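Have a look at the structure below, then the notes.
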Amino acid sequence: MAYISDELFNEICSANNIIDYASSFMTLKKSGRNYMACCPFHNEKTPSFHIDSDKQLFHCFGCGASGNFVQLVMRLEGLDFQDAIKQLADRAGIVIPENGARQSDALTEKKNRIYEMNKAAARFFYDMLTDPERGRTGREYFARRRLTKKTIIRFGLGYSPDEFDILLRHLRSRGYKDDDIVEAGLAVTRNGKAYDKFRGRVMFPIINARGKIIGFGGRILGEDKLPNGARLAKYLNSPETPVFDKGSNLFALNLAKNSNERDIILCEGYMDVITVHQAGITNCVATLGTAITDRQAKLMLRYGNEILICYDMDEAGTKAALRAIDIITAAGGKARVIRITGAKDPDEYITKYGIAGFKKAIEKAMPSTEFRISLIKREYDINDTDGKIRFVEEVARVLTSVDDPVEVEAYIQKTAKDTGISDKSIYGKYMEIRGKTRRPAPARTREEYQRRELRRVNSDKPPEEKITSAVREAEKRALSLICRSRSLALKASRLIEPEEFSDKVYQDMARRFYEAARAGEDPDPAILLNEFSGEQDSENLAGAVFFNPETYGDEEKTLYDLIYTIKLNRLEARIKTEQDPQAIGRLLKERLQLDRDRAAWGTK
């Protein structure tokens, strides 16, 4: 991927329309000069997500997500900067020159070669499926699974004949070498001889969020026993390659990301996903033959507010659902469980109860805590005193992993009602177990939660760098004023150094604003935000500076007041932590001088 100059970056973004792009992910409403929507990055009913179409920036006043056009593409589609800018360039028909590559030309060439081979292989597998003779077995399997031709085409399904080197010969004829085909995961070697990796299987292309085929899954159709008694794997996936990491990708995410639904349904297998999509429910994905990973959970949470787990409800599926809940929760998300009782998988459930029945099951998806408690309830007879005691203890143990105090209280009250044990006693057991696990009691209010977060964020900083939320807000507002006025930027540059801001992001922004003002230029927000790409906390902090909705009667006086607040905070933090009496005396003098200086600001 070539280096992107500021000029080319602006050309690519200007050739696209952030409103047109965002409209495919959310419902936008005009609000003055901006557009508003419910945030795609957190669950909300009242829109707090704003897009500035002139500056091509976005900001959510609810969760703090913020950035420029390319950073929006990165978050919505799970791409890095290079892939996001490439996608926008392709969308606009702009060719990015291949000079000054950010990654080695050799690696780029290798990845592109694998993408090309995968595309050729997928086309070959589809041709084999539609071949009157060779593809009959594959077509019969898909017919038994009631897949339509439209679905087969939409997912690019295919068939690999049970022959040792039919794909190899096809790819060789297109100029690819055996070593390259093996590296792409389409062939394997044994005793120095290469042969096809996938044989006698229906084929499922695995496509990333950019629409690139990164690998394949194959389901065996013929005899799965070898002459020596060993069994072949029912499902076989591509190995890890330069373009395929099974723990970082999801089957059908390329389709699910375009769904209008606000949640993501997680199924166990490829056929489950395909069946659900064919039923018209397109927000469905599956892991790639392994248990869910933290990376996959985070990837799903980019596209959905909650993850609805739709696994088989047998013992193995239940255990897998519990593991998935833990991983999704650890990734900062919420999970619910779709219970498909009366059928072994979504395909059978839809066949028995219809699409309407499956949609009703989705609507009744059980919150993860309730699901855990329902499993515990099966194990104990709550009409028996001993069973009742053990049930309450297990419920209390589950609740120690819940951080929302309202949720904890709700389930304590429900458990009290179910068992007849007082909520006070259950809460006592809950606090006893929480104490043993040394977890702090949950915050009782949003304000308390925010205070804790502030303490956590500041806990590893030197005392003089510990800040309050009020000072952080003052810094943001001061930068908001500085960035939109060269005159104010020049005044601020004489009063407060970039290093006096508490965060490196703010320090860098102040430095850039001062430099632009001294050069007689206005800072370009979108270009400046590129400096923070790849670190969402930094993107959010920087982007919020350009979305200050407040207006002031006297902007210069307001700026001076904000700078005074920032400088005063730093001084007071140093005074509180200083031990040397002489040093304290000097700091107190600085404090008095600051008051005198503030009185003079704006009079010179």
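FYI, it's all coordinate maths here, none of it is from the lab. For clarity, every value in this text was computed on a predicted model and none was experimentally measured. Every residue, glycine among them, receives a Cβ derived from its backbone with ideal geometry; neighbour counts consider all protein chains shown.
Just a few scattered comments:
- Dipole of the chain [Lys/Arg +1, Asp/Glu -1 at C-beta], most positive-end residue of Gln507, Gln536, Leu129: Leu129
- Using alpha-carbon coordinates, inclination of helix 368-379 to the longest axis of the chain, degrees: 50
- Here's the list of lysines a cross-link from Lys29 could span, going by alpha-carbon distance under 23 Å and ignoring same-chain residues fewer than 8 apart: Lys45, Lys55, Lys257.
- Least to most buried among Ile527, Ile220, Ile265 (fewest other Cβ within 10 Å first): Ile527, Ile220, Ile265
- Paramagnetic reach from Lys352 in segment 285-326 [backbone N under 14 Å; point 7 Å along Cα→Cβ]: 312-314
- Computed from the C-beta positions of Glu116 and Asp20, the FRET efficiency with R₀ = 25 Å rounds to 0.25.
- Angle in degrees between helix 504-518 and the longest Cα principal axis of the chain, rounded to the nearest 10: 60
- Ignoring aspartates and glutamates fewer than eight residues from Lys414 along the same chain, the ones with Cα atoms less than 16 angstrom from its Cα are Glu370, Glu393, Glu394, Asp404, Asp423.
- When peptides 147-154, 291-298 are sorted by average Cβ neighbour count within 10 Å, with the highest value leading, the order is 291-298, 147-154.
- Selection of GluC sites (Glu not before Pro), segment 179-287, meeting DSSP coil and at most 13 other Cβ within 10 Å: Glu223, Glu240
- Placing a label point 7 Å from the Cα of Arg174 along the Cα-to-Cβ direction, the residues of segment 107-128 with a backbone N closer than 18 Å are 109-128.
- Under a model in which nothing but the beta-carbon of Lys, Arg (+1) and Asp, Glu (-1) is charged, the chain shows a dipole of about 1160 debye around its Cα centre.
- Computing FRET efficiency as 1/(1 + (r/R0)^6) for Ile584 and Glu497, where r is the C-beta to C-beta distance and R0 is 22 Å, gives about 0.45.
- Distribution of pairwise C-alpha distances over the chain, 20 Å bins, in %: 16, 41, 32, 10, 1
- Separation of the Asp381 and Ala316 label points, Cα + 7 Å toward Cβ, nm: 3.3
- When the Cα positions of Ser238, Asn112, Phe164 are compared along the charge dipole of segment 105-244, Ser238 comes out farthest toward the positive end, with charges on each C-beta of Lys, Arg, Asp and Glu.
- Virtual spin-label span in nm between Asp245 and Arg146, 7 Å along Cα→Cβ: 3.9
- Shape call, segment 260-337: gyration tensor on alpha carbons, a/c limit 1.5: oblate
- Applying 1/(1 + (r/R0)^6) with r as the Cβ-Cβ distance of Glu531 and Glu163 and R0 = 56 angstrom yields a FRET efficiency of 0.55.
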